[in-house]
Each structure stands twice: as C-alpha cells, then as structure tokens.
1. Near the amide H of residue 599, under 5 Å away, which other amide H atoms are found, from residues 5 or more places off or on another chain, if H is placed in the peptide plane?
2. Suppose every Lys and Arg Cβ carries +1 and every Asp and Glu Cβ carries -1, with no other charges. What dipole size does the chain come out with about its Cα centre, to the nearest 20 debye?
3. Which residues' amide hydrogens lie under 5 Å from the amide hydrogen of residue 476, considering only partners 5 or more residues apart or on another chain, with H built in the peptide plane?
4. What distance in nm separates the simple spin-label points at residue 285 and residue 745, each placed 7 Å from Cα in the Cβ direction?
5. Under 18 Å from a point 7 Å along the Cα-to-Cβ line of residue 329: which residues of region 397-437 have their amide N that close?
6. Region 84-153 to region 317-385: how many Å between their Cα centroids?
7. So what is the relative contact order for region 472-630, in percent, with contacts set as C-alpha pairs under 8 Å and at least six apart?
8. Once you list every other residue whose beta carbon is under 14 Å from the beta carbon of residue 654, what net charge do they have if Lys and Arg are +1 and Asp and Glu are -1?
Amino acid sequence: MMSRSYTNLLDLASGNFPDMGNQPKERRRMPRVMSVPGIISELDDDQAVSVSSDNPSTISTDRMIIVANQLPLKAKRREDNKGWSFSWNEDSLLLQLKDGLPDEMEVLYVGSLRVDIDPAEQDDVSQYLLDKFKCVPTFLPPDVLEKFYDGFCKRQLWPLFHYMLPFTTNKSHRFDRSLWEAYVLANKLFFQKVVEIINPEDDYIWVHDYHLMVLPTFIRRRFNRVKMGFFLHSPFPSSEIYRTLPVREEILKALLNSDIIGFHTFDYARHFLSCCSRMLGLEYQSKRGYLGLEYYGRTISIKIMPVGIHMGRIESVMRMADEESKAREIKQQFEGKTILLGVDDMDIFKGINLKILAMEQMLRQHPKWQGRAVLIQIVNPARGKGIHLEEIHAEIEESCSRINRVFGRPGYEPILFIDRSVSIAEKVAYYSMAECVIVTAVRDGMNLTPYEYIACRQGISGSESCSNVSSPKKSMLVISEFIGCSPSLSGAIRVNPWNVEATAEAMNEAISMSEGEKQLRHEKHYRYVSTHDVAYWSRSFLQDMERACTDLLKKRCWGIGLSFGFRVVALDPNFKKLSIDTMVGAYMRARSRAILLDYDGTVMPQNSINKSPSKEVISLLETLCADPKNVVFIVSGRGRASLSDWFTPCRKLGIAAEHGYFMRWSQSEDWEICGKSTEFGWMQIAEPVMKLYTEATDGSGIEKKESALVWQYRDADLGFGSAQAKEMLDHLESVLANEPVAAKSGQFIVEVKPQDVSKGLVAEKIFSSMVEKGNQADFVLCVGDDRSDEDMFEVISSAVSRNILSSNASVFACTVGQKPSKAKYYLDDTFEVINMLQSLAEESDSSPPCIEEETGDSSLRQM
C-alpha cells in the first residue's frame, strides 16, 4: 500500500489523502458533463471521491467554467428553518465579468458558499444551484476550511504576497506544512467539482486568485489540452520576498500549467517573471506586444490588465441611494464641511491609521481646515481571521479618539469612524458627497474604491445629487503608489503612505486645488474608468486566452513528471521518440553511413564534473569506427587539444572541434582549418570587453579557445547574469561591427567566433566529401542537445534535395530531451543515447573490407 503521509507531495498530488475529519459520506451525485473518448473510470485517478458519468455531453458550443474560492451567491436560511434561499450577489466581480463574454457562451461557476450547509442537505442544494444558477458548490470539511482559508491563505500567502515576512516567533505566522497540505487538499476538492461538469474539448476554464494557485496542475494532469487561464487579484511579491516561501517552486510550476496568467500591473507580472527566471531558469520574450514564457514547448502568455468596475451596477445603486434620500441626509449632516472619504477593509495592509495620522498632521499644519474638514473613514468587516486585526483596530480607535479630543469642538469632530456594515447605497451616497477620496494602503492588489468614487461623482441624470446635470463634475484622489490602480489614474496625487507629512500635504493640495483643475482631472479619470470597465477586462482576457490556446491545439501533448513537477510537453506533430528497432533496421540495410555526435549533453551528461569520456563510450566509438561502412564524427564546441587527447584510442574517429573551425578525419590525418579567417586580431578587442563584464559579474568567467572567446555566467546570479549578457552582446556587436565574427548568446554563455563556422557547415562538408569519394551516404544519424546542433539538423533536412545525400537515405536527426527542435526525433537523456549506440555497435561489422568490396562488387556489399 502506498504511504498516506501528508508530508509526501507525490501522495498529495496523486490523491492519497488521509481523513481530515468527519467528511460526509458520498450521497447522490450530479452527472458529470464530459466528452472524453474512452471509459470515464480510466481517466479517474481517485475513484473514491470521483463521480461517474452516465450521460456524455452533447454540448458543442464553447462554455466558460469560472472557478473561484466563493460563488457569486448570497444565501440565507429560510424563516421556517427548512432549507435555504439563494440569490445572485450583484456586487460580485465573478458575476459582473459575464458582461464581457459572448452572449451565446454558457457560464458555469465552481466555488464554495459563505454559509455552512448540513451534509444531509448538500446534495439537494447542489442540484438546485446547478439547475437554477449553473453553480457547482464545493463543500469543504470544517477542519480543512479553517486550515485552508484562515490558515494557509490568510496567515501565510496573504501576508507574504503583501511583503510581510514571518519574522515574529509567533508560531501561527511561520510556515506550517499541515496548512499547506490542507491548501493542496482544498484545491483538489475544487478540481473534483470541475471534473463533474467539464467538457474538455470545448470548455474554457478561468481560475481566480491566490486561493487556487495549485488547481491548474490538477486540471492539466487530467486534461492535457484543456483551455485554461488564471488571474491573480492580489499583488505578486518581488523574488526576494517570494523565494522565502518553502513551497515556492511547487506554486510556480502549478501556475505554469495555465495557458495564460493575468496580473493587474506590470510590476506584479515582472516579479512573477523574475521568480520564474531565478528559480526555474525560464526567460520571457516579447512577441508583437505580448509577453510569453517558453515552457516545455508551450508558450504561457502573461496578461497585464487591471480590472474595472461595473458601470451599470454603480448607476443602479446610485438610483437606489437617491430613492432612499441617503445623499440628502449626509449633505444635511455635513452642511458647510469639506468631506474627505476613506473606504477600506479592516486589514493591516490598508494603512488606515496612516491616513488618520495624515489627517491629524494636515489639521496641525493647516489650521484653516480645523472646523471645516472632516475625514469619514468607513471600515468594511474583515473577510477572515487575518493577523493583528485586534491590535490594528484598537490603534485606529485610539487615534480617532485622541484627534477628536484635540481638534474637536461642539458640533464638530474631524474624524468620523464608521465601524459597522454599511450598505452599498449608503456608501455610494458618501462617494457622491466627498470632495476627495484617500487610499493609503501600504500594499494592495487593485483597490476599486477610486473607480467607484469617480463614477459616483459623475452622477446620473435626474438624481438628487446631480440636480444640475449640466454643471461640471469634479473629483480628487490621493492614492498610495503601492496599489494596483495607481498606474491607471495619472491625474491622482500619488503618495508614499509611510510618509505621513507628505500625505498630509497631498490632502491639503487636493481639497485646495482650483475648481477647473479638479474638473479636468475628473474628466480624464472618468473617460478611463467608463471605457475600461469589468466587461472590457473580461473580454480582453478571453480574447488573449483564445489566442494563447490556439497554438497548443496544433501540437502533440503529453504529460510528464510527478506531483507538482508535472508539466505538459507540447511538440510538433511530426516530432516523436526515436525507435531503436526502426533505426537499427535502416542501419543494417545501409551501404554507406554517416554518424555525427555532439559531445557535452549527448554522450557526456551536462552535470558531470569529470568531462572525459567513459570507457564504455570509447569502446562503442571504436566499434562503430571499425565498421568500413561508417564515417563517425564527434562535432563539438570544445577545443581540439582536449578532444584529441580524450579520444586517442579511437584512431579512425573524425573530430570537428570549436564548432567545426578545426576538423580532422582520423588520427592519422592532419587538422584542417575550415574557417576562412585566420586572423584573430578581433580577440584583442573582444577580450577586454569580456574582462570588464567578468570583473563586474561575480560567478562569471572567460574561456579562450583558438578560434573563439566564450563568456559564461552559469554560476552568477541568474537575473544579473542574464542582464549583463544582453548588455555585453550589444557592446560586442558594436565594437566588432567591422570584424568577420559573430557574437551570439546561448545557454548561460555569450560566444564570439568567426562568421563562417557552424556545426551545420561541418555536416555539409562531411556529406559532400563522401559524395566526392563515391561513397554517398544512405544512412545518417545526427544526435545533439543544444542550440548549436540545430544548425546540423537544418542542413540534414535539406541534404537530400541538394543531392549530398542519397535520394533514398534513411535520416535520423535526433535531439536529446523533449523540447522544440528542428530534429524529427528525440531521446530522453544521455543514457538512452548510449543504449542506442550500443544497439548499433552490436550490429556493426568490424572486419576489414574485402577485395571485392573495394573494387565495387555490389553483390558482396549487400551481404
């Protein structure tokens, strides 16, 4: 039996979860909607918690499955205590984003409910929500929910993503593996609900936020070609912060199983890309304005698009507030006062106390506002059991009391602290009356408060708050530079909330600004907010998701790896694993063979410290070279001295060193210089440049060859090394512009070598020489693992049409590793390469050629 230990991530990802409490017994289940060929049970890796399908889906149109921690529903117990009543939550972003999706697209939701449903009622509730709202509820056992949401999400991910490290010795703030395990389990339970309704051939899946960051791995493991996007609504921290997370790579790799990953700002996307670079060695590219990460043949798109508000919902609520006369009541209450407004969740990162201290500073520095300016601070209830909430709340109340005692007077209190649930209609009324809104969050994902305020200040035709419809509208914003909406609001006054004095001055500037300036800034902001609403955001995301998924559908895909190391490899449909039997058959039939082998990463493992070839490799090469039908070459970027020394026993082995600048057909022949240039004065120009960057880049070094210079930074900081390599490449191209050399970047290297030297030219020269000797090759095996070997593969692909190979030649261009390549075949690693050579060696004829064969007796050559 497999271990059911929670510390084994392989067990976690494959479904071997221990009991975490009294989970309800399985009862009646909803039918799963799928269109996967084959038997459903063969697709399930966890039958005990999965659902079987009796009725395959007949749906052929695209659908969107939106997966989030909570469903966009309101629920309350019926008055007779018999059952539940449900309604849409009109303020939920998940519901509002439907406006940007095509009308014909069916939308289904998967998520949890905000209320506890008795296990005996869960099946009935599930069926009702599916039929009535197209919602599929995920019921998390209470102990899992507490560890998942209040534990890992709110006490570990949320603080870390907001740049708060667990320096305190308080055990609840440190990484707790049991909370991580509950997080993985909860994500798996959400996955099981997705499986119940998915039609993987047609459906799009859109996963939302940090609660479900490992969900893409579960989904991708089951459905390799599913169309899936992820959007993060919180900040993503810098790599220096994120790398402290013990499960950092597991989460990154899980996110990379999406086709597109969305962020509110470029800063958040840049931090994510930096983490992928530093921890996974992945580099991003920009193609026609789109950012993309190449990951095992898949291109994961990076989407940068701040979310917007639902203008229709805001206008609806404004009418509601108008009907309830909320604006009139507030206007009467604060007649003659200048209202500054703050609306924040109760959270340690919202900087509420910093805002209150800035108000105190403004009243002190600008006494004219005493008795006139009022800061109304509305605090929404905390969303969960966050950290330090009680201390923050007590600190805010103490500051408000102190400031009101110092600056208050009969009929006037400078700060009104509203610590209760405020209806959206009342909130809109406060927005309509406020002269300025202040957001001083020290870190926040997006924060739509400024957008809502701008829309409310614009007003609607016929409302009490906008009785003079033709009058110019105005609004002012003082916002933290650390929130997601800050880059979008260029007319706002941006502040560092930690600088209380500067924030106070910004508040004074905002309410003292001329009416004309306020109007211009408001008009600019309203144009942006009204055009970049939530429908614009979701429409844009769907379009980019469709684009990102199109390329994958053209490729062959299969999954590799265990646990959170799982990923999908996507390759050209014609790219397949080399069949040893097929190749050996062609080898035995051939009359003239060319075998070209790279060295490092092909017959020698890249991570090997001792780079000299093993006795096994020497023996295999000797056997292959002894066959009179074979021409065998090692084609490497290494220098000729080391290659010649290592392969001394292989007297008939051909060697092409330094990518073919030097070439020798056998040990008995002299080295040929294949490059046209024999002048190396350019080295005196290039080497000082490389030395300059070596001195500035710890962990880098220079390798000087006879015909080339190589700067490598494998041991340097990846981010800095990569940046230095790009800068050096530009520098070298500039100073060597008039020299007959090429500067190219490779994997952790920058190389300068003569222009007319490449492994492709080596292959071409070998084939042409064989033709000149009347020995045209009808079997070619070419194996390599890196970018320089692609030149050989490219030449081989066109060699038959150019008549340098036999018209019926059997060609096996093979790369090492499953990755995009110009080769048509692959082997997984160097061990498979050695095994393949062993198979060829066993079928090789090492006897000397007979007289008849030398004189061309074809009957003997075919034996």
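The values are calculated or read from the model by the stated rules, or taken from the named source; none is laboratory data. Since the model is a prediction, treat every value here as computed from it, not as a measurement. Every residue, glycine among them, receives a Cβ derived from its backbone with ideal geometry; neighbour counts consider all protein chains shown. All accessible areas refer to the heavy atoms of the entire protein, side chains included, with ligands and DNA or RNA removed. Shrake-Rupley method; radii C 1.70, N 1.55, O 1.52, S 1.80 Å.
1. 635, 637
2. Working: 101 positive and 118 negative charges, 325 e Å.
Charge dipole of the chain: 1560 debye, to the nearest 20.
3. Amide H to amide H, under 5 Å and 5 or more residues apart or across chains, residue 476 pairs with 437.
4. Each label point lies 7 Å from its Cα, and together they span 1.2 nm.
5. Only 416-434 fall inside the zone, counting backbone N under 18 Å.
6. Each part reduced to its Cα centre gives a spacing of 33 Å.
7. Details: 106 pairs, mean separation 22.0, N = 159.
The normalised contact order for region 472-630 reaches 14 percent.
8. Working: positive: 593, 640, 651, 652, 664, 759, 765, 773; negative: 598, 622, 627, 669, 670, 672.
Summing Lys and Arg as +1 and Asp and Glu as -1 gives +2.
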